[in-house]
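Asker: I'd like to ask you about the structure that follows.
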Amino acid sequence: MAKILFINPNKWGRGITAIWIPAHAGLLREKGHEVELFDATFYTEWTVDEIGYNTQNGQYKPTDYKSHITYNDGSVVEDLKAKVAEFKPDIIFWSAISSHIHGEGEYVNIQYGYELAELFKDDALLVTAGLQATAAPKDVLSGLSAIDILIRGESEKALGEIADAIDAKKNSFEAINGLAINGPEEVKTTPPQPILRDLDELPAYDYSLFEPQTFWRAYNGEVVKAVDYEMSRGCIYACEYCVETVIQSYYGFDKTTRSGAIQRAPEYLRSKSPQRIMEEMTRLHKEQGVTLFRCQDTNFLTITRSTLTELAELMDASDLDIKLYIETRPEGINEKTIDLLKKLKVDGIGMGVELSTQDFREDKLRRFASQDRIIKAFQVLKEAGIKRTSYNIIGLPDADEESIKSTIEFNRLIDPDNVTVAFYSPYQGTAQQKKGNELGYFDEYEFHVDGQLRTMSHDTLVDPDTLCFYKAKFKDLVEHGLDDLEAMKAEYFREQAAQDGGVGASTPKRVSA
């Protein structure tokens, strides 16, 4: 039996049940290995208070979330040292790919976990995974040199094989597919592992590692018990800014159609069975009191219609007092899907507007979604009483300030229930990341990417300070319009100057919560 310690290095200071944790725990425990979790989420010295930051700028409605949480004023490092000394793990593991691939601060956790795990190189094998590991393993190991093994692609089975090898006292891992092994002279990569075709092959996801307060979640002005959940993996689209393209490329799905979809899409998009989903949701509702399932599926409505229809009938016939928040694209929303969504207990939907200029979306991002389809989708959902959240991006390469203003005006037109805006993130290995680096807008490898908390841009087309202004005031501008824009800017920059001695004097790359 091998002993594996997971580190959850989440810096957002609020409960996130990162999907890789229950997915890997379920498989390892079924194999007979011992798994424990060190969760850094609620350490005062570690958190950047994302929920406070995004409540202040209007993305979140105010709640009493913090009254449900007890923060730890101790030392995250000293407590982790004590945990390692007590548990004596063979492997320390953090970060991985699932459907939860970049949202909720997940992308940057490979770096944050390293800050903690590198202290224990002599105590355990350091293993991690994720998007950067998949896209650029040599770059990762160059910057994070204490790591012993990176797992590229989906990592559940590969981590299980590493644990089995340790249990069998094998000294080599080169027979395991999907690895980048850090050596004294070179990085050795093994062939890609097969893509996981059937998610039911994985044992039931084990959420029992999380402490009870992790399940509390602020949602539309309430505080509810929630989990991050996946029904499926994969997306049929290949938008040039999205991390999904990194996984597609790794598994050989890099040929696309003229409409921006990958070829052989049915082979790439995979899901759990309706029965498996119902079993997991029922157990989480009854055992953990979960009432909100925050579905992290990249594009919920591209799950096969037969799967969704059967699941809808099962959920509609059940007495589960639960609701779903999903993400999808506007193209999938129409009058015919509304009945399906209601049977699936969908309470809210997040959809990417990204930015309002259709030509830019299509020519620069290869995201094909017409203005009319977006407008229609938001209208149909409003009539059905399903909450609508628009997702917007600022700071894309080649996007000027006028594009931000037009995106604000477009949001005023579609009138979403909730508005979110993120700084563009140069995700390693994506076409937009490569372009941004070539243009000098971003460094070759950005170690601190988090679209909710900071911009990494060097772009002078819209300077970082101005991007920070629009992040802070985007919701206000959508609600009240652009008439007072210049006055709002002047006031914002005066306040920033008073706080830090002049925000315009040096262009900060990060926004601190």
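The values are calculated or read from the model by the stated rules, or taken from the named source; none is laboratory data. These figures come from a predicted structure and were not determined experimentally. Heads up, the Cβs are rebuilt from the backbone with ideal geometry, glycines too, and the neighbour counts pull from every protein chain shown. Just the protein is used for accessible areas: all its heavy atoms, side chains included, with ligands, DNA and RNA removed. Shrake-Rupley method; radii C 1.70, N 1.55, O 1.52, S 1.80 Å.
Asker: Quick check: is even one residue across segment 133-148 assigned to a loop (DSSP other than H, G, I, E, B), surrounded by fewer than 23 Cβ atoms within 10 Å (Cβ to Cβ), among the small types (Gly, Ala, Ser) and touching a Gly at 6+ places or on another chain (Cβ under 7 Å)?
Answerer: Yes: one or more hits.
Asker: Within the set of pairs 6 or more residues apart or between chains, which connect a residue that is open to solvent by 70 Å² or more (accessible area, probe 1.4 Å) inside segment 154-170 to a residue that is part of a helix (DSSP H, G or I) with Cβ atoms less than 9 Å apart?
Answerer: 157/27; 157/201; 170/164
Asker: Which of (1) buried (at least 22 other Cβ atoms within 10 Å of the Cβ); (2) of a type in the set (Ser, Thr, Tyr); (3) free of Cβ contacts under 8 Å to residues at least 24 places away in the same chain does residue 306 not meet, given it meets every other one?
Answerer: (1)
Asker: Residues 70, 55: which one is surrounded by fewer than 18 Cβ atoms within 10 Å (Cβ to Cβ) and within 20 Å of the chain's Cα centre (by Cα)?
Answerer: 55
Asker: Being modelled with pLDDT of 90 or more and part of a helix (DSSP H, G or I) narrows it down to one residue among 434, 471; which is it?
Answerer: It is 471.
Asker: Are any of the residues in segment 247-261 over 30 Å from residue 436 (Cβ atoms) and more than 17 Å from the chain's Cα centre (by Cα)?
Answerer: no
Asker: Only residues that are assigned to a loop (DSSP other than H, G, I, E, B) and open to solvent by less than 50 Å² (accessible area, probe 1.4 Å): list them for segment 263-278, please.
Answerer: Within segment 263-278, 269, 272, 273 qualify.
Asker: Across segment 387-403, which residue is most open to solvent (accessible area, probe 1.4 Å) among those that are of a type outside the set (Ser, Thr, Tyr) and over 23 Å from the mean Cα position of the chain (by Cα)?
Answerer: 402
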